[in-house]
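Note sheet for the following structure.
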Amino acid sequence: MPPRVMFASYHCYHDPASGAAVCTRDLFAALAARGWRCGAFSGPFLDDPAATPIGATLRDRPGVTSAPGTAGTGQFAVHTVPGPGGFPVTVFAPDPPAPAKLPSPEETVGFLAILAEAMRRFRPEVVLTYGGDAASRGVVQVARNAGAKVAFLLHNFAY
């Protein structure tokens, strides 16, 4: 049976302006089409600072489920939409929304806590990630704590 593979990063899986996100979506669509059990969990960070924040985009999309949450004094929403092949793609979106804002310490804690719960439910064997911010770097430890192997996707030479 193919392994369970999850993408996790604070960089948004749905980012239309990010070549790394486009490559990752293509990879996961191909894996899902070949029978792999896939999942994705991302933050709201978009490459285009003038873009509409992803939470506002997803909130009105058909088929999306949304749930509010808090981390310390910070508030956020968690949006889940079916990805290609029907696998779940979950986006952590803090308030106030911003397209290209790095996570605050509270947002990092909230993102990693919700990610840990998503990994507990999905039980990935492999986690693919990218990003240099604190929340994205924290993905590695959360994945290892969940018993998954971790691979860093190198889509560009910025790292």
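Shape call for the chain from the C-alpha gyration tensor, a ≥ b ≥ c root eigenvalues: rounded (a/c under 1.5), prolate (a/b greater than b/c) or oblate? Present the calculation step by step, with values, prior to reporting the outcome.
Working: a/c = 1.32, a/b = 1.25, b/c = 1.06.
The shape class here is rounded.
In the neighborhood of Phe45, defined by Cβ-to-Cβ distances under 14 Å, what is the net charge if each Lys or Arg adds +1 and each Asp or Glu adds -1? Please report the intermediate quantities before stating the final value.
Working: positive: Lys101, Arg137; negative: Asp15, Asp47, Asp48, Glu107, Asp133.
Residues close to Phe45 contribute a combined charge of -3.
Measure out, as a whole number of angstrom, how far apart the alpha-carbon centroids of the range 68-89 and the range 4-61 sit.
Spelled out, the Cα-based centre of one part sits 12 Å from the other.
Over the heavy atoms of Asp60, what accessible area does a 1.4 Å probe trace out, to the nearest 10 Å²?
Accessible area, nearest 10 Å²: 120 Å².
For Pro103, what is the net charge nearby, where nearby means another residue's Cβ is under 14 Å from its Cβ and Lys, Arg count +1, Asp, Glu -1? Could you put the intermediate results ahead of the total?
Details: positive: Lys101, Arg137; negative: Asp95, Glu106, Glu107, Asp133.
For residues surrounding Pro103, the net value is -2.
Roughly how many debye, to the nearest 20, is the charge dipole of the chain about its Cα centre, given +1 on each Lys and Arg Cβ, -1 on each Asp and Glu Cβ, and no other charges?
Values: 13 positive and 11 negative charges, 136 e Å.
Its charge dipole is roughly 660 debye.
Please work out whether the range 102-159 counts as rounded, prolate or oblate from its C-alpha gyration tensor, where a ≥ b ≥ c are the square roots of the eigenvalues and a/c under 1.5 means rounded, while otherwise a/b larger than b/c means prolate and anything else oblate? Each step should come with its number before you reach the end.
Values: a/c = 2.62, a/b = 1.11, b/c = 2.36.
Oblate is the answer for the range 102-159, as a/c is 1.5 or above yet b/c matches or exceeds a/b.
Local charge sum around Val150 (other residues, Cβ-Cβ under 15 Å, Lys/Arg +1, Asp/Glu -1)?
Here the count lands on +4.
Starting from the Cα-Cα distance between Leu102 and Glu117, subtract it from 0.36 nm times their residue separation and give me the gain in nm to one decimal.
Net length gain for the segment: 3.2 nm.
The values are calculated or read from the model by the stated rules, or taken from the named source; none is laboratory data. For clarity, every value in this text was computed on a predicted model and none was experimentally measured. As a convention, Cβ positions derive from the backbone with ideal geometry for all residues, glycine included, and neighbour counts pool all protein chains shown. Keep in mind that these areas ignore ligands, DNA and RNA; they rest on the heavy atoms of the full protein, side chains included. Shrake-Rupley method; radii C 1.70, N 1.55, O 1.52, S 1.80 Å.
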